[in-house]
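First comes the structure, then the notes that go with it.
The values are calculated or read from the model by the stated rules, or taken from the named source; none is laboratory data. All figures in this text were calculated on a predicted structure; none of them were measured in a lab. Using ideal geometry, Cβ is built from the backbone for each residue, glycine included, and neighbour counts are taken over all protein chains shown. Note: areas computed on protein heavy atoms with side chains; ligands, DNA, RNA excluded. Shrake-Rupley method; radii C 1.70, N 1.55, O 1.52, S 1.80 Å.
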Amino acid sequence: PLLWAQRSVIHRAMLSAVARRASRAAASASSSLGASRLPPLAARDEAARHAIVLTADARRGFASASAHQPTDFDVVVIGGGHAGTEAAAAAARRGARVALVTPSPLGSVGEMSCNPSIGGLAKGALVREIDALGGIMGAAADASGIQFRVLNASKGPAVRGPRAQMDRTTYKRSVQTALFGTPGVEVVDAAAYDLIVRETWESNPGPPPAVQHDIDVTRVEDRDPARFGPPGGVRTCEIGGVETADGRKIFAKSVVVATGTFLRGVLHVGGRRVPAGRMPTAITENPDATAARGAHALADRLYGLGFQMGRLKTGTPPRLDGASIDYAGLEEQPGDEPPRPFGFLHDKAWVPPMKQVSCWATRTNAETERVMKESRGFLHFDGGENGDGIVGPRYCPSLEMKVKRFPDRSHIVWLEPEGLDTDVVYPNGLSNTLDEPDQIAMLKTIPGLENVKMLRPGYGVEYDYVDPRELRWTLETKRVGGLFFAGQINGTTGYEEAAAQGLVAGANAAATALSHLGMDALPPSIVGRGASYLGVLVDDLTRRGTSEPYRMFSSRVEHRLSVRPDNADQRLTAAGELAGLVDSHRASIARRRGDLAERAVAAAEDARMGATAWAAHGVDNAPAGKSGRTVSVAELLAIPGVGYARVARALASAGKATPALAAQLDEDIDASNDFHRAASSPEKLARAATILAAVAEADPTAAEEATTECYYAPYLARQRRDVETMRKEEALELPMDLDYDAVGGLSAEDREKLKDHRPATLAAAQRISGVTPAAAIALFRFVAAQKLKGNKKRLSGMRGGR
């Protein structure tokens, strides 16, 4: 307790000292890749945005705290990014004693290396699942958001994507506040240079038991007795901890490596190549350089251990001075009103703590494309003249790749503010690796940017990753027991994918370290493929691997009608409480919301009237059933355009009707009809109206969830049939000359991957990285239909011959 109290005092003192010295520290900082070229105002903005710059006092404070801590931990986490912070927090919530190792923590923990936003299509679902399991990202985003929007709002709830624009400084501060305040987490100011790996001989334990998942996520080779050697003994590798750059050894039973793009990272700005994991700011320059050296050494260690590794690349756009942008004539994009948070713990009348602002849209044009094509470095990074063969992100391509793949097109550019106390703007859509003069010339061709000042150039980064098929479904490596990987080291792209893996890896690392206490890995109710986006992410990576930066999409989720962003707490929080990830307060709130939603659904299923009666009370959308069929509230809520509040008002009105009027309106209803249920009595309608109104008043989100459950009820049976069909028809043979262009419902990626691999069976097609479950269903229906046509032709020919 004394050490924890000392640490809290140190943290408060450091933050106070940091706030006083931020401007002075930023003014003296410099960067070999452009930070030193920021104008004075931008440099002050940079310092104000980060307000947590690592001063000498702060560095001494962390060193002092670390020096007095024991060097034995349950779990060590390498890296303080989105994966590392979630891993450390998750392991600690399960009761592990955790050391998070990262250089200059106040300058690096929680840094947003690329875009200043959280969430999006499918990504928002991951953030909500992280929050439902007690993670950091959702709460930090809610505290830091300066614009909240739900993407795909006009489509069904299953494919909507909550997204928020962040204030970089506040987000970083919020992550640090949450992490540093987590009991059991000790932050060590150091760079990890090596892994402590032990080789041991043990009696043959035999293969581990198969884990019963809704879809088996235990790889076949994990249960193969051949992997465990002959009876009597087997040589195994186990993690023992990490060694830092200054020679300290930190011992632990589990280690999570979350190094992001720093694993032998190389930056590309035009013709320049600089060893680094990201372009440093005035705040992160020193810790980034230290982290890069350590990550290079770790990469050598991983190669030496025999891991199958490869190279991937990504990029980021230049940063602009918003004061030099002409917004007149650009399309304004305000946030939603009311805004929707990521977290599940907010009051029903939640108001963002930060001022809300707009983003702006502009577009590239023919002149932009001409400048791009004439630039010297046009083919430099994206697999052209240098022929590196390194694959970049398919769904967030560089501007060079857009011009090459989609010539003569205009591409949208979103101008996104990076915070409330800075003029820095992030031009989403302009990632490139051109020489700096060419980047400036390209920018000036875009409407609104004719006189723009570029504060920092865009750049590309290539880095090492480990084939994620080297991992078990727990994200533990097969080669080294107790060693876990999370984030971009596993071939993914995006903050949200990294954070989700961090939570899974950290929670399972704690289970490994505390197995002697009976702690188990996360159960299928959390990481099963049918349980969560988390489960789909882990299963895709460990089963299929990836040859390009993996991004989560709702189309990858077979059960997306029941696995949605809005019900993440109902799916995961109870299981999270049993696993030790979630506290009782969060669990009780989830139970209350679930109970309210269930009450509303039950009332909606039980209250019904005929179409004439619904129309008389203001709902004219009710389908006119045959033979006087009645329609329930639940059936009405499955019709687009019929809202919860509208139906509740109609019920209240109907509940006030006299029995004589109710009988007149539904005189054609026969209560004894075996095929149709009778209309509800006015008293029952009034009771249902009271329940619906009470649920909406107690928790509007519970009313929304009840509406969504009713909306998808007719489709869930088909979803179950589709999933079951895929299981039964895995042996279906696919013709080698199959024309994939003729198969409807396939995306461009689906067709590309299927043409490249030419799978022999439906099961083989489903194992191809990038081929979605929806594509597999479309493929099955097409091939089955073709076979049916062929059978009919043969049968017709046989009859003609007779």
Out of everything in segment 748-764 that is part of a helix (DSSP H, G or I) and within 13 Å of Arg727 (Cα to Cα), what residue ends up being least open to solvent (accessible area, probe 1.4 Å)? Leu762
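Per-residue answers, yes or no, for (1) more than 25 Å from the chain's Cα centre (by Cα); (2) among the β-branched types (Val, Ile, Thr); (3) under 15 Å from Gly81 (Cα atoms); (4) buried (at least 24 other Cβ atoms within 10 Å of the Cβ):
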site: Val256; (1), (2), (3), (4): no, yes, yes, yes
site: Thr259; (1), (2), (3), (4): no, yes, yes, yes
site: Arg293; (1), (2), (3), (4): yes, no, no, no
site: Ala297; (1), (2), (3), (4): yes, no, no, no
site: Tyr303; (1), (2), (3), (4): yes, no, no, no
site: Gly310; (1), (2), (3), (4): no, no, no, no
Please give the number of the condition Ser144 fails out of (1) touching an Asp or Glu at 6+ places or on another chain (Cβ under 6 Å); (2) on the phi > 0 side of the Ramachandran plot. (2)
Inside segment 86-113, can you point out the residues that are modelled with pLDDT under 95 and either part of a helix (DSSP H, G or I) or in contact with a Cys (Cβ under 9 Å, 6 or more places away or on another chain) (or both)? Pro105, Leu106, Gly107, Ser108
Identify, please: which residue in segment 467-495 is touching a strand residue (DSSP E or B) at 6+ places or on another chain (Cβ under 9 Å) and among the basic types (Lys, Arg) and is, among those, nearest to Ala91 (Cα to Cα)? Lys478
Heads up, the strands (runs of 3 or more DSSP E) in segment 115-166 (entirely inside) with at least 3 residues that are open to solvent by 10 Å² or more (accessible area, probe 1.4 Å) are 145-151
So, Arg479, is that one modelled with pLDDT under 95, within 30 Å of Ser532 (Cα to Cα) and surrounded by fewer than 23 Cβ atoms within 10 Å (Cβ to Cβ) or not? yes
State all residues of segment 602-625 that are out of contact with any Asp or Glu (no Cβ under 9 Å at 6 or more places or on another chain) and either touching a residue at least 60 places away in the same chain (Cβ under 8 Å) or among the aliphatic types (A, V, I, L, M) (or both); if no residue qualifies, say none. Ala602, Ala603, Asp606, Ala607, Ala615, Ala616, Val619, Ala624
In this structure, is Lys755 basic (Lys, Arg), more than 27 Å from the chain's Cα centre (by Cα) and at pLDDT below 85? no
Per the list (1) modelled with pLDDT under 95; (2) within 28 Å of Phe307 (Cα to Cα); (3) of a type outside the set (S, T, N, Q), residue check on Leu517 breaks on (2)
Looking only at segment 612-648, which residues are open to solvent by 60 Å² or more (accessible area, probe 1.4 Å), of a type in the set (A, V, I, L, M, F, W, C) and not in a helix (DSSP H, G or I)? Ala624
Filter segment 662-708 down to residues that are of a type in the set (A, V, I, L, M), modelled with pLDDT of 50 or more and in a loop (DSSP other than H, G, I, E, B), then give me how many there are. 2
Evaluation of Met609 against (1) open to solvent by less than 30 Å² (accessible area, probe 1.4 Å); (2) in a helix (DSSP H, G or I); (3) farther than 30 Å from Ile526 by Cβ (one fails), failing number: (2)
Check segment 330-343 and report whether any residue there is surrounded by 23 or more Cβ atoms within 10 Å (Cβ to Cβ), hydrophobic (A, V, I, L, M, F, W, C) and in contact (Cβ under 8 Å) with a residue 60 or more places away in the chain. yes
Search result, residues across segment 573-587 that are in a helix (DSSP H, G or I) and farther than 16 Å from Ala531 by Cα: Ser584, His585, Arg586, Ala587
Between a first residue in segment 99-127 that is touching a residue at least 60 places away in the same chain (Cβ under 8 Å) and basic (Lys, Arg) and a second residue that is surrounded by fewer than 24 Cβ atoms within 10 Å (Cβ to Cβ) and part of a strand (DSSP E or B), which pairs have beta carbons less than 8 Å apart while being 6 or more apart in sequence or on different chains? Lys123/Gly161
Is it the case that some residue within segment 740-747 is open to solvent by less than 60 Å² (accessible area, probe 1.4 Å), in a helix (DSSP H, G or I) and touching a residue at least 40 places away in the same chain (Cβ under 8 Å)? yes
Options Glu548, Glu496, Glu577: the member that is under 18 Å from the mean Cα position of the chain (by Cα) and within 17 Å of Gly135 (Cβ to Cβ): Glu496
Extreme residue, modelled with the highest pLDDT, among residues of segment 261-285 that are open to solvent by less than 20 Å² (accessible area, probe 1.4 Å) and out of contact with any strand residue (DSSP E or B) (no Cβ under 6 Å at 6 or more places or on another chain): Gly270
Of all residues in segment 513-541, how many are surrounded by fewer than 24 Cβ atoms within 10 Å (Cβ to Cβ) and in a helix (DSSP H, G or I)? 7
